[in-house]
Amino acid sequence: MLAINNDNNQINLEHLYEFMKNRIPEYAIPKFIRFTKKIELTGTQKYIKYPLREQGIDLKRITNDDDQLYYFDRTIQKYQPLNGDVYDKIINGFIQF
């Protein structure tokens, strides 16, 4: 998962995918992207990643309602919003990566 600290929602997912596709191998392209308004920092200004790892893509565990989650739909080669129905399909194996 790629977590992006994004206050202004100005990131175009299609451009982001094209940028990554041209620079990193396919297996390294994130399957999930999470836009969040706040990522906690340590005293030395490093991101605290543990809460993000704990929450993963489980919509019930994500505490910030403003966060937006997307998954990479390989059939259409685009990032799509991840909602409750999509989450259930992923968990039950109907959507595979």
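Here, each number is a calculation from the coordinates, and none is a lab measurement. Not measured: the values here are computed from a predicted model. As a convention, Cβ positions derive from the backbone with ideal geometry for all residues, glycine included, and neighbour counts pool all protein chains shown.
Under the rule of -39500 (n - 2.57) per DSSP H run of 4 or more residues, summed and divided by the residues of the chain, what mean residue ellipticity at 222 nm is obtained, to the nearest 500 deg cm²/dmol? Working shown, then result.
Values: 3 runs with 23 residues, N = 97.
That calculation yields -6000 deg cm²/dmol at 222 nm.
With an 8 Å Cα cut-off and a minimum separation of 6 or more residues, compute the relative contact order for the chain in percent. Don't skip to the end; give the middle numbers.
Numbers: 101 pairs, mean separation 26.3, N = 97.
Taking the mean separation of contacting Cα pairs over the length of the chain, I get 27 percent.
Using modelled backbone amide H atoms (1.01 Å from N, in-plane), which distant-in-sequence or interchain residues come within less than 5 Å of D73's amide H?
The list, which skips near neighbours in sequence, is K78, Y79, Q80.
Please state the charge dipole magnitude for region 2-91, taken about the Cα centre, from unit charges on C-beta atoms (+1 on K and R, -1 on D and E), reported in debye and rounded to the nearest 20. Don't skip to the answer; put the middle values down first.
On the way: 14 positive and 13 negative charges, 64 e Å.
Roughly 300 debye for region 2-91.
So, by mean Cβ neighbours within 10 angstrom, what's the order for 31-43, 15-27 with the highest one leading? Numbers along the way, then the final one.
Working: 31-43: 14.1, 15-27: 10.8.
Peptide ranking by packing, descending: 31-43, 15-27.
Non-local amide H neighbours of I95 (under 5 Å, H modeled in plane, Pro and chain starts lacking H): which ones?
Amide H to amide H, under 5 Å and 5 or more residues apart or across chains, I95 pairs with I90.
Along the charge dipole of the chain, Cβ charges K/R +1 and D/E -1, which of L52, Q68, L13 sits furthest on the positive end?
My answer, from the dipole projection, is L52.
Connecting C-alpha atoms closer than 10 Å in a GNM of the chain, tell me which of D58, D73, D85 has the biggest fluctuation.
Ranking D58, D73, D85 by mean-square fluctuation puts D85 first.
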